[in-house]
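Here's the structure, in structure tokens; my notes come after.
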There are 2 protein chains.
Amino acid sequence: MSFSPLVEQLMDALRVLPGVGPRTAQRMAMHLLERNREGGERLAGVLREAVERVGYCQRCRTLTEEPLCTLCQSPRRDDRLLCVVESPADMLAMEEAGGYQGRYFVLHGHLSPLDGIGPEDIGLDQLEAIIAEGKVEEVVLATNPTVEGEATAHYIATQIEAHGARLSRLAYGVPMGGELEYVDGGTLSRAFSGRLPFAGE
Amino acid sequence: MSFSPLVEQLMDALRVLPGVGPRTAQRMAMHLLERNREGGERLAGVLREAVERVGYCQRCRTLTEEPLCTLCQSPRRDDRLLCVVESPADMLAMEEAGGYQGRYFVLHGHLSPLDGIGPEDIGLDQLEAIIAEGKVEEVVLATNPTVEGEATAHYIATQIEAHGARLSRLAYGVPMGGELEYVDGGTLSRAFSGRLPFAGE
Ligand SMILES: [Zn+2]
Ligand SMILES: [Zn+2]
């Protein structure tokens, strides 16, 4: 015996959420159907709209439903500084840490040849085009302090050093092997102000 | 700074899910938008359909998108036994425990005067009508072994004893204060076969 086909489909569909196994999916489905149909209806509507309408900012590639994100639209950010991050969540973490006034560029991942993720997949052609405009004086390579993040930073450094912008990397202080998104604001802020020239290998 | 309005709305909507706080909602939203839009689209569709189409079985009140659930449609279940449970998840747990061949009735909760949940809200008029048909010889009061579940069982017992059906309660073996849904199949099965006549106060 099992639940009705549609209820089973719902439990199955909920398992696309990270960290949700069969038991949690059942609890979630029961909660929505038994106690909060209005919330379920709203979630369904917002989720469909977000999946359909949220795309990448044409300039920095962060997630937005507009052609340009709020930050790229702002005239108050410093065009001479460009911070390259792996994800929109990393960008938000940097903003919440405070103190940074430049622009961003979001890779949505890192280079991963084994998974077939190459330079174009993480927007490096677009990043190079921005640097080639000549306004950026310093590129902060704020990819995650992981093996893949470091390798991606090295690749980007090699690709853009010909354009003459200074390259830097977040200072030690960011815990090695961790993910930027989960670093507390204070550490992140200190790591940023103590950033070092990017040295390559 | 925050994410774009639609992304913020999505994180907010995800918080209707039980156990999902701001951090988890952000992780879920990023996962869906960055890595699994197809899964997100599917979840949105199934969720909307389920919230709109899944109702209560006309006979036993379990969740189903059909007028009658599979179990109520089955000619192979014993009409002389009726097991009253608080939720569809409890019904599934009983079925998975095995050994029970009768019918069910689902309350979708328990009596809770302080929350304004009275007899009609948990379908007791409908339950009495089923008992009044005269086919049911034994009613197993399988509400949760909690204060509210016990109180609800007592109320039902008082309401239906005039119709002459035997009343029983799951045997001790079900852990006191626990929720039926999380009891392992073996315990549940043993508690069922050792069920006792319902004694009232
Ligand atoms: Zn942007
Ligand atoms: Zn039914």
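The values are calculated or read from the model by the stated rules, or taken from the named source; none is laboratory data. Since the model is a prediction, treat every value here as computed from it, not as a measurement. We place every Cβ from the backbone using ideal geometry, glycine too, and count neighbours over all the protein chains shown. Areas reflect the complete protein model, heavy atoms only, side chains present, ligands, DNA and RNA absent. Shrake-Rupley method; radii C 1.70, N 1.55, O 1.52, S 1.80 Å.
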- Message: Per-residue Cβ counts within 10 Å, from other chains only, averaged over B:57-63: what number is that?
- Response: 2
- Give me the distance in nm between label points sitting 7 Å out from Cα along the Cα-to-Cβ direction at B:A171 and B:Q73, one decimal. 3.5
- Note on the structure: Across the alpha-carbon set of region A:43-110, Rg over Rh with Rh taken as the Kirkwood radius works out to 1.01
- Any idea what the relative contact order of region B:30-188 is, in percent, if you count C-alpha pairs under 8 Å spaced at least 6 apart? 20
- Note on the structure: Carbon plus sulfur, as percent of the 1.4 Å-probe accessible area of region A:56-201, comes to 51
- Task: Can you tell me how much longer the chain between B:D115 and B:E34 gets when fully stretched, taken as 0.36 nm per residue apart minus their C-alpha distance, in nm with one decimal?
- Result: 25.0 nm
- Listed residues A:P18, A:P88, A:P75; largest mean-square fluctuation, Gaussian network over chain A with Cα springs below 10 Å, found at A:P18
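What is the mean projected area of the alpha carbon convex hull for region B:117-191, to one decimal in square nanometres?
5.3
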- Query: Given the options A:S189, A:S112, A:S168, which has the most mean-square fluctuation in a GNM of chain A, springs set between C-alpha atoms less than 10 angstrom apart?
  - Reply: A:S112
- Overall dimensions of chain A as given by Cα atoms, namely Rg and Dmax in Å: 20.3, 67
- Item | Counted charge near A:S168, where neighbours are those whose Cβ lies closer than 10 Å (Asp, Glu -1; Lys, Arg +1) | +2
- Average projected area of the Cα convex hull of region A:75-169, in nm²? 5.9
- Note on the structure: Correct semi-axes for region B:1-78, from √(5λ) of the alpha-carbon gyration tensor and rounded to whole Å with the largest first, are 37, 13, 11
- Item | Antiparallel bridges, percent of DSSP beta bridges restricted to region A:1-144 (to nearest 5) | 25
- Query: Simple spin-label model, 7 Å along Cα-to-Cβ: B:E96 to B:E150 in nm?
  - Reply: 2.7
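Just counting partner chain Cβ atoms within 10 Å, what average do the residues of peptide A:17-27 show around their Cβ?
Counting other chains' Cβ atoms within 10 Å and averaging over A:17-27 gives 4.
Return the ratio Rg/(2.2 N^0.38 Å) for the protein assembly as shown, where Rg is computed over Cα atoms only.
Cα Rg divided by the expected 2.2 N^0.38 Å: 1.33.
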